[in-house]
Each structure stands twice: as C-alpha cells, then as structure tokens.
Amino acid sequence: MNLEVKRVWTDDNCVYAESAEGKVASYAFADWPRLANATKAQREDFYLSPCGIHWPQIDEDLSFSGMFDQTSEPTARRVPAGCMRMKVFSFLF
C-alpha cells in the first residue's frame with residue numbers, strides 16, 4: 001500500500017488519520033481496551049512511524065494500513081521492528 005498520511009489527531013472518542021488525497025480514516029477508542037481506558041492526556045501522547053501510531057504510556061499500536069483498509073475489522077497491530085518511531089506527521093509507505 002502506497003499511502004501518504006498528512007495528519008493524525010484525536011478527539012474524545014476516536015483517532016483520525018488523513019491521507020494526502022484527503023481521505024479520512026478513524027478508529028473508535030471503544031474498540032481498543034487500552035485506548036478506551038486511557039486518559040485524554042495518554043491518548044494525546046502518541047508517536048508516528050511510517051507504519052502507524054504508537055501510544056507509549058499505554059503500549060498500544062495501530063497501523064495506518066489497517067485504518068485505511070475498509071475490508072477488514074479493526075485489529076491491533078504492533079509496529080514492526082524496522083519502523084522508527086518519530087513525532088512527524090507525513091509519511092510515504
């Protein structure tokens with residue numbers, strides 16, 4: 001999948017990612033026990049990698065490919081070892 005993620009943000013219920021093409025995908029925090037039970041501050045403390053989003057305080061990872069794949073149910077995915085965690089908001093993978 002060749003996907004450029006332009007930005008990622010959260011609200012009280014979901015995490016969102018927007019692609020360079022303007023497509024927005026989201027996951028509800030309620031679908032992920034660690035995110036559902038996290039505080040707002042913990043949910044806002046995330047890092048991005050070329051593969052997805054990582055919340056270090058609660059040790060949770062979600063993949064961009066899973067967010068933008070509309071054919072599957074949400075599944076938590078660990079960030080692969082080769083993916084570097086960084087606080088930047090645009091990747092091409």
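The values are calculated or read from the model by the stated rules, or taken from the named source; none is laboratory data. Just so it is clear, the model here is predicted, and its values are computed rather than measured. Quick reminder, even Gly has a Cβ in these numbers, built from the backbone with ideal geometry, and neighbours come from all protein chains shown. With ligands, DNA and RNA removed, areas are computed over all heavy atoms of the protein, side chains included. Shrake-Rupley method; radii C 1.70, N 1.55, O 1.52, S 1.80 Å.
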Legend entry - Flag if residue 25 is out of contact with any Lys or Arg (no Cβ under 6 Å at 6 or more places or on another chain) and loosely packed, with under 13 Cβ neighbours inside 10 Å: no
Legend entry - Subset tally (residues that are within 14 Å of the chain's Cα centre (by Cα), in a loop (DSSP other than H, G, I, E, B) and in contact (Cβ under 8 Å) with a residue 24 or more places away in the chain) for segment 13-35: 1
Inset, instruction - For segment 36-56, enumerate the residues that are over 11 Å from the mean Cα position of the chain (by Cα) and either acidic (Asp, Glu) or within 21 Å of residue 69 (Cβ to Cβ) (or both). - result: 44, 45
Inset, instruction - Quick one: in segment 29-60, of everything that is touching a Lys or Arg at 6+ places or on another chain (Cβ under 9 Å) and hydroxyl-bearing (Ser, Thr, Tyr), which residue is most open to solvent (accessible area, probe 1.4 Å)? - result: 47
Inset, instruction - Look through 2, 13 and report the one residue that is among the polar types (S, T, N, Q) and modelled with pLDDT of 90 or more. - result: 13
Inset, instruction - Evaluate the following for residue 71: is it among the polar types (S, T, N, Q), modelled with pLDDT under 95 and over 18 Å from residue 5 (Cβ atoms)? - result: yes
